[in-house]
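Reviewing the structure listed below.
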């Protein structure tokens with residue numbers, strides 16, 4: 001069985017790590033380079049860097065910041081936000097990213113996912129999907145959660161997998177920043193719909209929530225609040241999951 005991954009997330013706006021609730025009410029969580037170095041030292045399996053204001057501001061990812069983070073860490077590093085073309089992805093990879101995440105641009109032009117997979121390999125392509133429960137359905141949201149798409153969440157995941165995405169970063173907007181736990185029904189449905197890895201995001205408030213997400217079919221757990229603010233460390237998370245019998249990296 002593949003080792004399950006524990007992945008801190010750096011949501012970056014205006015050069016600072018931030019964290020909000022339901023993608024709003026953002027508060028400061030420190031310097032991206034310092035946070036990245038801490039998570040690398042604590043043994044994170046990977047790191048995700050999302051320039052969350054790039055798409056709403058219609059600009060590209062801040063590559064200078066990406067380069068500074070990449071120079072500081074030795075773990076796999078995913079960069080998202082403002083990746084709208086193969087050239088943008090190439091620039092992020094040259095700046096030090098190991099993978100690129102696409103969200104809004106993939107909805108606007110699904111063929112981008114295939115072109116990225118053809119250019120760099122599926123293992124480099126992370127399809128980020130933000131979902132909100134609306135009127136009994138799973139609605140895909142884009143543009144930093146500001147815009148509804150009309151797409152069904154599970155159907156969109158299946159399409160992304162068929163287009164060549166290597167993994168799905170699935171965020172529940174309803175749970176984001178709440179600390180109430182991941183949306184387990186969403187994760188179960190996602191895991192049943194696709195054969196590629198699904199990374200759970202949105203709602204972690206304690207170490208038991210990480211285990212619940214893995215039980216629901218996630219291959220990895222992405223978290224921010226519990227690591228940024230609440231005093232849980234990566235070694236504690238790894239030890240907890242190992243004690244519960246989950247395959248995690250030593």
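Annotations
- Highest to lowest packing among 180-186, 148-154, 164-170, 232-238, scored as the average C-beta count within 10 Å: 164-170, 180-186, 232-238, 148-154
- Stretched out straight at 0.36 nm per residue, the stretch from residue 178 to residue 42 would grow longer than its current Cα-Cα span by 46.5 nm.
- Relative contact order, whole percent, for the chain stands at 19, derived from Cα pairs under 8 Å and 6 or more residues apart.
- Computed [θ] at 222 nm, helices only, for the chain once each DSSP H run of length n ≥ 4 contributes -39500 (n - 2.57): -10000 deg cm²/dmol
- Translational D in µm²/s for segment 127-250 (Stokes-Einstein at 25 °C, 0.890 mPa s, Kirkwood Rh from C-alpha pairs): 166
- Distance histogram for segment 46-196 (every C-alpha pair counted, 5 angstrom bins, percent rounded to whole numbers): 2, 10, 20, 22, 21, 15, 8, 2, 0, 0
- Extended-chain gain in nm, criterion 0.36 nm per residue less alpha-carbon gap, residue 31 and residue 119: 28.5 nm
- Highest-fluctuation residue, 136, 30, 220 considered, GNM on the chain with Cα pairs under 10 Å: 136
- Choice from 200, 128, 189 showing the highest fluctuation, given a GNM over the chain with Cα pairs closer than 10 Å: 189
- Summed over all non-identical Cα pairs, the Kirkwood treatment of segment 162-201 gives a radius of 10.8 Å.
Here, each number is a calculation from the coordinates, and none is a lab measurement. Computed from a prediction, not measured in an experiment: that's the story for all the values here. A quick note on method: Cβ atoms are made from the backbone with ideal geometry, for glycine too, and the neighbour counts reach across all protein chains shown.
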